[in-house]
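S.K.: One structure follows; several queries about it will come next.
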Amino acid sequence: MKTALYLSGTAMLAAAAVIFAHATPVAAEGAANAMVRPDGSIVMTKENYARDWSVLGVFAHLDDAGVRQFNVVYTQPETVTAYQQTGEFPEGAVLIKELRDGVTKADGDDRTSSLGALKGWFAMIKPPKENGPQGPLWGDGWGWAKFNADAPNATITTNYEQDCLGCHMPVKATDWVHIEAYPMLRD
């Protein structure tokens, strides 16, 4: 005997919302857990973030010749959804800032800049509120790390307070994240 369960449209949406709400943090935590070693050190994600994650925004660092460096910032889609719903980054959220050379060239009467060689990454990981990793890479609600492109398993960050907070101090009020540069989070 076969049994079928039929739900009204409203009931299906409600059930999906409950399932999604409970699944979101678990999905987000997978990438974070894979990046954190038992000693609290951080390695670069092995996930194909450029293909599978959401682009939050792009920063361009300029000099007289054009764009010197592009920073392309990614996070998991479930992190975007959670932030849009709550205004907070969930446990397990990972922000990856990919650092790329800027390539500027003449383009008719104009100059254009495009993404060049990969130079490295910055990573921020939102740990659990209780019993999260400890050490000099962890504090102020995040794990912090920078990697060179040729050494993704060896962070060059030694102390987040000295190595990271200088650039993040202006955005302390937004959980240390440059929300102003990420339209999908601020709008």
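Please treat every number below as a calculation from the coordinates, not as lab data. All figures in this text were calculated on a predicted structure; none of them were measured in a lab. Using ideal geometry, Cβ is built from the backbone for each residue, glycine included, and neighbour counts are taken over all protein chains shown.
S.K.: Any idea how many Lys pairs in the range 35-185 come in under 30 angstrom at the alpha carbon, given 8 or more places apart or on separate chains?
M.R.: Close lysine pairs under the 30 Å cut-off: 21.
S.K.: With +1 on each Lys and Arg Cβ and -1 on each Asp and Glu Cβ, how big is the dipole of the range 80-162 about its Cα centre, in debye rounded to the nearest 20?
M.R.: Result for the range 80-162 is approximately 140 debye, rounded to the nearest 20.
S.K.: Quick one: compute the contact order of the range 9-186, relative version, from alpha carbon pairs under 8 angstrom and 6+ residues apart, as a percent.
M.R.: Relative contact order comes out at 19 percent.
S.K.: Okay, moving on. Would any residue of the range 58-95 have its amide N under 17 Å from a label point 7 Å out along Cα→Cβ of Asp52? List them or say none.
M.R.: Counting only backbone N, you get 74-81, 92-95.
S.K.: Where does each of 31-37, 166-172, 103-109 land if you order them by average Cβ count within 10 Å, highest first?
M.R.: 31-37, 166-172, 103-109
S.K.: For Ala149 and Ala34 in the same chain, what is the full-extension length gain: residue separation times 0.36 nm, less their Cα-Cα distance, in nm?
M.R.: In short, 39.6 nm is gained.
S.K.: Still on this model: Quick one: grab the alpha carbon gyration tensor of the range 9-186, order the square roots of its eigenvalues as a ≥ b ≥ c, and give me rounded if a/c is under 1.5, else prolate or oblate depending on whether a/b is larger than b/c.
M.R.: oblate
S.K.: Are there trypsin sites (Lys or Arg not before Pro) in the range 44-74 that DSSP marks as loop and that have at most 16 other Cβ atoms within 10 Å, and which are they?
M.R.: Lys46
S.K.: To the nearest 0.05, how large is the calculated FRET efficiency for Thr158 and Gln85 if R₀ is 35 Å and r is the Cβ-Cβ distance?
M.R.: With R0 = 35 Å, the Cβ-Cβ based efficiency is 0.50.
S.K.: Moving to a separate point now. Please go through the range 82-187 and write out the GluC sites (Glu not before Pro) that DSSP classes as loop and that have at most 14 other C-beta atoms within 10 Å.
M.R.: In loop regions of the range 82-187 (DSSP not H, G, I, E or B), the sparsely surrounded GluC sites (Glu not before Pro) are Glu88, Glu130.
S.K.: When you take every Cα atom in the range 76-156, what is the radius of gyration, and what is Dmax, the widest Cα pair distance, in Å?
M.R.: Cα-based Rg and Dmax for the range 76-156 come out at 17.1, 57 Å.
S.K.: So which trypsin sites (Lys or Arg not before Pro) in the range 117-151 pass both tests, a DSSP loop state and at most 15 other Cβ atoms within 10 Å of the Cβ?
M.R.: Answer by residue number: Lys129.
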